[in-house]
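First comes the structure, then the notes that go with it.
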Amino acid sequence: MKTHTKALIGAGIIAAATVGSFFAYLAHAETNDEATVDRPLKHRWAALGLSDDQKAQVKLILQKYKPTVQPLVEQLVTARRSMRDAIHSPTIDESAIRAQAAKVASLQADLAVQRAHVSHDIRAVLTADQIQTLQDMQAKADARFDGFRQRVAKSLADD
């Protein structure tokens, strides 16, 4: 397997885990257990300096989208597993793999639209300074991910 292919696979796994974490948070947003609800985003809320009112509004926004997002996440997990099974089948069925990849892509697009709605609604709750802080946090996360991707590529190249 070529080095860039290995790096792309590694990056894809990390991206899937990141998206999965966001939607796992959404799946638990309805619970009343503060420790469970706040844990995934608690450090971000602290960095943004969200007020208790803003935290409550964000939780309501996440709860609002849960009925739409949760079934899409479940469908995506099932579709990705089916695609994995098609890829690792003893015989290569290119049309089946392409059909499954198209289902995965369609579900990912649907989830991206939902994420855009969630993001839009949450940003309406934030101040301009908080939005800038959020953008700075995203830039730092992108830089960390790029560094990780480079380390994975180098590690795979060295093997």
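Observations
- For the set Lys103/Lys140; Lys103/Lys154; Lys42/Lys154; Lys55/Lys140; Lys59/Lys140, the pairs lying more than 29 angstrom apart at their alpha carbons are Lys103/Lys140; Lys103/Lys154; Lys42/Lys154.
- Once the mean of 1/r is taken over each pair of separate Cα atoms and inverted, the stretch 34-159 shows a Kirkwood hydrodynamic radius of 17.7 Å.
- Neighbourhood net charge (12 Å Cβ-Cβ; Lys/Arg +1, Asp/Glu -1) for Gln108: +2
Read the figures in this text as sums done on the coordinates, not as results from a lab. What you see is a predicted model, and the numbers here were worked out from it, not measured in a lab. Cβ atoms come from the backbone with ideal geometry, glycine included; neighbour counts cover every protein chain shown.
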